[in-house]
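Below: one structure, written as structure tokens.
Computed from the coordinates by the stated procedures, all read-outs in this text should not be read as laboratory data. Predicted model only: the values in this text are computed from it and were never measured. FYI the Cβ positions are ideal-geometry reconstructions off the backbone, even for glycines, and counts take in every protein chain you see.
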Amino acid sequence: MSRHRLAAVFTATLLVAAGCGGTTKDNQSSSTDTQTSAAADPNAKLKEGLKIAYLPKQLNNPYSDVETSGGEEAVKELKGEYKKVGPNDASASSQVSYINTLIQQQQDVIVVAANDPNAVCPSLNQARAAKIKVVTFDSDANKTCRDAFINQATTEGIGQSLAKMALEQAGGSGDIAVLSATPNATNQNAWIEVMKTELAKPEYSKLKLVKIAYGNDDDQKSFQEAQGLLQSYPNLKVIVAPTTVGIAAAARYISSSSYKGKVQVTGLGLPNQMRQYVKDGTVKKFALWNPADIGYLAAYAGAALASGQITGAEGDKFTAGKLGPYTIGKDGEIVLGPPTEFTTDNIDKFNF
Amino acid sequence: MSRKLASWDTAIILLTVLVLIIASLAVDNFGTSRNFTFMVLDLLPIILVALPMTFIIVTGEIDLSVASTLGLTSSLMGWFWNHGLSIETIIPLCIVIGAVAGAFNGFLITGLGLPSLAVTIGTLALYRGLALVVLGDSAVADFPFNYTGWVTGTLSWLPWLDGAVPNVLILIVVLALIFGVILHATPIGRSLYAIGANAQAAHFAGIRVARTKFWLYVVSGAVAGLVGVLWTLRYSSARADNGAGLELAVVAAVLLGGVSIFGGKGSLPGVLAGVVLLTALQNALRLEDVSGQALNIVTGALLVLSVLLPNVISSIRGNWQRRKLRQSAAS
């Protein structure tokens, strides 16, 4: 008795869902939404009392806490209302409910790190239809559904910074080596390429790149590679490690060896991992983008958008408080700028 | 058998109405048509999966694999779409795949006589694992806008309602009516309560217990497949991790709605109220900037109360009746 009725219900459900015609990936008409926006007024004053809400990938992540702390500082300077909301899990869909809530609360700006570039899109566009400006950071949403994206660093910026630090710490001349991640790591290879281009310039002529070693972003392998570099190249002056794993491993080796003070370690690292090596003199200087500045810049970009100073179009200009002037690049991208350099003087100001 | 609403169902329905009224008055931006749409979209997956789940729990069983079935159909939807199938083929196909996943549960439980809790915990992991095999960490996002837009959109043929009625609400109402009528007004529905109250007695009364349960799992899987499709279209994103954890929200709502986890008791109106109550409460608290952790505490506490209170009430009532009996015996 139950079999036929349940089967009937099931078939009915099928029939409801099955339509006619056929839309496939290849024949669907692509709908590109072109946002028509008013012209920017560069002289518009930044509004006060703007409601700026931060929606990181998830709450209670130390890195994103530093980012949003910068945002809080900037919103205070702007005399706005700061708010941070977010899901406990970094799932694609849980952010959407929060975006919807922010729409209902009539925020002026939503600053969001998208867990899924597409899943948040319909909601973000609903927010924009409700005159809310959307700025993304950390991980961008689809560019059709946000007004601006804060890019933490460009490949050129990082590569140039690595070359500059190597030159300074080698004292202008000598052998240097690179301790990278894996041989096919996209980011690291791009940075090393830029670094090589820099090294070809006349001011770097006395610097010689003798070897690129790969520690595979594995602590032990990186440690051994650092050891190997110094055995093969006893005159080495600087190890440049454009990876947080590599720089920490190299610094640990040098700090416990007789090369301490003679061979410099620099590159990209996390202040909390590198603090002890900066304090014991093994590392004089290393770099990374400052996460707090990302949140700070996002607040000013959002305020400039909400005040009509900029529309997010390429070439729009605005000033982001203590960080200075910025120009919007292609596809609404705003590049934070050269990475922050950490030395014994400033490292205690950073906790991430 | 008496078929009137149990008191807990009535209480939960009244509580839900009360919460809705208070939230509309006290929470800014709660009682707007846009927020209504957001809420309906948030409760869509929970309410649809809760319909067959109510049937299953009424018979004294459980299906914890629903969210993973959802993830599996979502992944497959992305995979099929990438391989050039038309969306009109993919949607029914996904529902069938959901039904097959449910049939597998049903076979293990009724064919081999394994406990449903253990089986569906197993397939919870299995189906989610398969979803990851299909799509890995990637996502498929380029579904046609006339479908994704329909799921998030509102009825346009009712201009006087000004976009206040989400399209998916119709789907919810139709399915809720079908399930409600079956559970409360047909012999099938009555047989489900009989199975939940005492499966052996039901068997001797001529109810085909195993076959009924098997089909419940098939329907549960099919609905999970449908919700996988709707979920994918709502977020325009087919991912293996879609809907993770949804099974707990569904079971929570069903129990909050007064369905006994031991089977044999409960009503669909109570379950619908349970879903609305949980969603509305979360929505209102988020609008009031209550943090995610506090939200979890509130819903958790509500759930514990929903299990605790009916027991306390019934034991008090039992005591009172016993005392009355004793008094009448004494006089």
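Worth pointing out:
- Fewest-first ordering of A:192, A:247 by other beta carbons within 10 Å of each residue's beta carbon gives A:192, A:247.
- In chain A, the DSSP beta bridges split such that about 15 percent are antiparallel, to the nearest 5.
- Along region B:218-227 the Karplus relation, 6.51 cos²θ - 1.76 cosθ + 1.60 evaluated at θ = phi - 60°, assigns HN-Hα couplings of 4, 5, 4, x, 4, 5, 4, x, 4, 5 Hz to successive residues, with x for each Gly and Pro.
- Listed residues B:203, B:83, B:184, most fluctuating in chain B (Gaussian network, C-alpha, under 10 Å): B:83
- For chain A, calculated [θ]222 nm from helices alone, where every DSSP H run of n ≥ 4 adds -39500 (n - 2.57): -12000 deg cm²/dmol
- Gyration tensor (alpha-carbon) shape descriptor, region B:202-269, a/c threshold 1.5: oblate
- Across all directions, the average projected area of the convex hull around the alpha carbons of the protein assembly as shown is 38.8 nm².
- Per-residue shielding of A:96-102, expressed as the average number of other chain Cβ atoms within 10 Å of the residue Cβ, stands at 6.
- Whether chain B is rounded, prolate or oblate, judged on the alpha carbon gyration tensor where a/c under 1.5 counts as rounded: oblate
- Modelled FRET efficiency - R0 30 Å, residue B:121 with residue B:185, Cβ distances, 0.05 increments: 0.35
- Surrounding net charge for residue A:85, when Lys and Arg each add one and Asp and Glu each subtract one, Cβ distance under 10 Å: +2
- Radius of gyration over Kirkwood radius for chain A, both on Cα atoms: the Rg/Rh ratio is 1.09.
- Separation in nanometres of the label points that stand 7 Å from Cα toward Cβ, at residue A:184 and residue A:200: 2.6 nm
- Estimated dipole of the protein assembly as shown in Debye, rounded to 20 [Cβ of Lys and Arg +1, of Asp and Glu -1, Cα centre]: 2120 debye
- Two-site FRET efficiency, residue A:130 against residue A:351, from Cβ-Cβ distance with R₀ of 60 Å, rounded to 0.05: 0.95
- Averaging the sequence gap over all C-alpha pairs within less than 8 Å and six or more residues apart, then dividing by the number of residues, gives chain A a relative contact order of 20 percent.
- Chain B: relative contact order in percent, alpha carbon pairs under 8 Å with at least 6 residues between: 34 percent
- More than 24 Å apart - percent of Cα-Cα pairs taken over region A:88-246: 51 percent
- Shape category assigned to region A:155-288 from the gyration tensor of Cα positions, a/c cut at 1.5: rounded
- The Cβ shell under 15 Å around residue B:242 holds other residues with a net charge of -3, Lys and Arg each +1, Asp and Glu each -1.
- With a Förster radius of 30 Å applied to the C-beta separation of residue A:344 and residue A:219, the computed FRET efficiency comes to 0.80.
- For region A:290-297, backbone phi angles converted through the Karplus equation (6.51, -1.76, 1.60; θ = phi - 60°) give residue-by-residue couplings of 8, x, 4, 5, 4, x, 5, 4 Hz, Gly and Pro being listed as x.
- Of A:73, A:203, A:225, the one that fluctuates the most in a GNM where chain A has Cα springs shorter than 10 Å: A:203
- Rounded to 5, the percent of DSSP beta bridges in the protein assembly as shown classed as antiparallel: 20 percent
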